[in-house]
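J.: Just passing along the structure, written as structure tokens.
The values are calculated or read from the model by the stated rules, or taken from the named source; none is laboratory data. All of these numbers come straight from a predicted model, not from anything done at the bench. Cβ sites come from the backbone with ideal geometry, for glycine too, and all protein chains shown count toward neighbours. For the accessible areas, the whole protein counts, side chains as well, though only heavy atoms, and no ligand, DNA or RNA atoms are used. Shrake-Rupley method; radii C 1.70, N 1.55, O 1.52, S 1.80 Å.
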Amino acid sequence: MPIEFIGIAATQETSESGAGTPPAARDGISAQTEAGCASGPVVQPAYLRELARAHEESGFDRVLVAHSSASPDGFTVADQILTHTDRLGVLLAHRPGFVAPTLAARKYATLDAFHPGRVALHVITGGDDADQARDGDFSDKPTRYRRTDDYLDVVRKEWTATEPFDHEGEFYRVKGGYSAVRPATPVPVYFGGASADAVRVGAKHADVYAFWGEPLAGIAERIREVRTAAAPHGRSPRFSVSLRPIPAATETEAWERAREILRLTKERAGEARKAFSLDHSEQRGSQRLLEYAAQGDVHDERLWTAIAKTTGAAGNSTALVGSYEQVADSLLDYVALGVSTLLIRGFAPLADARDYGTLIGLVRAARARTTSPAALEDPVVPA
């Protein structure tokens, strides 16, 4: 199975030096670089285009268009990325509950019609009550997951029904639903979450189930859990791991860079949380990362948890530190477990998007060698 690489989009430039933009003038997503300061307007079209092209040139397959209650409209951002690149896809995050599922399905289908095969849906049920409330949603987390389940049932029907359909669910009722625009090929559905509710819903709907960057044993455990939950639905999802590589020419240089990123992160820790009242303490995925961080700063030779510990595991916050070859080998260790998507983003978005081309090349070359016909012949079997 080919390895898919996903980066991250941003509409606002960031810098590791200078005073930057006050937190209240940030979008809460593109400024989420821990060690960086946002600079300039929240929407900078030229910067977005440059960042998207850098990802495309480095060999990424998609970029994540993330979501928060403060961020610019993701559909507009996604369309800009797709329009100004030739093959790069988007993983467009969407929170069920704010846009009717029939309309959301048509929005994705329309975007896909203009950019065939380049659009994927990333389902964000929402683990932060405060961020949900800023958009007017005061339902609790278990309710949100039940709503997501119902929502995705309707989305699938809207994408696939060739005749008007009815739907009677806990949260949504549709009478005579029908879309004139439907994806020519299915829009992939990505889904994340570590709670029991997340696994129950995600295993039913996900084409790709996404994990944050846990140690190898933790990812193996999560894969088994999701596969078991997906089996009764006749589904066999693929798997994604999100990591923050810090590579350099040598391991020593990489750790020097990592320590500098940690220093800057400690200086600026809490700014975004204060500005947006972000609280990840109730997210099971964050809890798991902090549990690993409490066990030690480094796991599996180079999985570094210090940033997660400093930020309260605010999202994708564990790093792989080492030479380019060492980090590539560590990424391949996740692939060996059954992971086929690697979502990698750095701490200096544009520079790292360009730099990661080296990593992507190393991983794909090594993968090609191990899956070539010659490599598959006469396998070495231990005595």
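J.: Look through 187, 199 and report the one residue that is closer than 14 Å to residue 123 by Cβ, part of a loop (DSSP other than H, G, I, E, B) and open to solvent by less than 70 Å² (accessible area, probe 1.4 Å). Steps first, please.
T.: On the way: 199 fails: part of a loop (DSSP other than H, G, I, E, B).
On inspection, the qualifying residue turns out to be 187.
J.: Can you name the residue in region 112-149 that is among the β-branched types (Val, Ile, Thr) and assigned to a loop (DSSP other than H, G, I, E, B) and, of all such residues, is farthest from residue 238 (Cα to Cα)?
T.: Residue satisfying both the conditions and the ranking: 125.
J.: In the set 345, 364, which member is of a type in the set (Lys, Arg), crowded, with 23+ Cβ neighbours inside 10 Å and either out of contact with any Asp or Glu (no Cβ under 6 Å at 6 or more places or on another chain) or without any contact (Cβ under 8 Å) to a residue 24 or more places away in the chain (or both)? Outline the logic, then answer.
T.: On the way: 364 fails: crowded, with 23+ Cβ neighbours inside 10 Å.
Exactly one of 345, 364 is of a type in the set (Lys, Arg), crowded, with 23+ Cβ neighbours inside 10 Å and either out of contact with any Asp or Glu (no Cβ under 6 Å at 6 or more places or on another chain) or without any contact (Cβ under 8 Å) to a residue 24 or more places away in the chain (or both), namely 345.
J.: Does at least one position in region 119-140 carry a residue that is over 24 Å from residue 284 (Cβ atoms), of a type in the set (A, V, I, L, M, F, W, C) and touching a helix residue (DSSP H, G or I) at 6+ places or on another chain (Cβ under 8 Å)? I'd like the intermediate steps shown before the answer.
T.: Initially, region 119-140 is screened for residues over 24 Å from residue 284 (Cβ atoms), giving 119, 136.
Subset that is of a type in the set (A, V, I, L, M, F, W, C): 119.
Still in the list and also touching a helix residue (DSSP H, G or I) at 6+ places or on another chain (Cβ under 8 Å): 119.
Within region 119-140, one or more residues are over 24 Å from residue 284 (Cβ atoms), of a type in the set (A, V, I, L, M, F, W, C) and touching a helix residue (DSSP H, G or I) at 6+ places or on another chain (Cβ under 8 Å).
Quick grid of which residues meet (1) crowded, with 20+ Cβ neighbours inside 10 Å; (2) outside any helix (DSSP H, G or I):
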position: 81; (1), (2): yes, no
position: 86; (1), (2): no, yes
position: 104; (1), (2): yes, no
position: 110; (1), (2): no, no
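J.: Quick check on my filter: what residues within region 119-152 are without any contact (Cβ under 8 Å) to a residue 40 or more places away in the chain and under 19 Å from the mean Cα position of the chain (by Cα)?
T.: Matches in region 119-152: 126 only.
J.: To continue, here is another question. Determine, yes or no, whether residue 181 is farther than 20 Å from residue 233 by Cα and at pLDDT 95 or above.
T.: yes
J.: I would also like to ask the following. Just checking, does region 64-71 include any residue being under 20 Å from the mean Cα position of the chain (by Cα), among the hydroxyl-bearing types (Ser, Thr, Tyr) and more than 28 Å from residue 356 (Cβ to Cβ)?
T.: yes
So that you can scan it fast, the table gives a plain yes or no per residue for (1) of a type outside the set (Ser, Thr, Tyr); (2) at pLDDT 95 or above:
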position	(1), (2)
85	no, yes
103	yes, yes
116	yes, yes
126	yes, no
147	yes, yes
156	yes, yes
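J.: I'd like to check something: does region 158-167 contain any residue that is acidic (Asp, Glu), surrounded by fewer than 16 Cβ atoms within 10 Å (Cβ to Cβ), touching an Asp or Glu at 6+ places or on another chain (Cβ under 9 Å) and in a loop (DSSP other than H, G, I, E, B)?
T.: no
J.: Please indicate, with yes or no, whether at least one residue in region 1-22 is modelled with pLDDT of 95 or more, among the small types (Gly, Ala, Ser), open to solvent by 50 Å² or more (accessible area, probe 1.4 Å) and over 23 Å from residue 123 (Cβ atoms).
T.: Among the residues of region 1-22, not one is modelled with pLDDT of 95 or more, among the small types (Gly, Ala, Ser), open to solvent by 50 Å² or more (accessible area, probe 1.4 Å) and over 23 Å from residue 123 (Cβ atoms), which makes the answer no.
J.: Right, next: Return yes or no: is residue 96 part of a loop (DSSP other than H, G, I, E, B), closer than 19 Å to residue 190 by Cβ, touching a Phe, Trp or Tyr at 6+ places or on another chain (Cβ under 7 Å) and at pLDDT 95 or above?
T.: Spelling it out, residue 96 is indeed part of a loop (DSSP other than H, G, I, E, B), closer than 19 Å to residue 190 by Cβ, touching a Phe, Trp or Tyr at 6+ places or on another chain (Cβ under 7 Å) and at pLDDT 95 or above.
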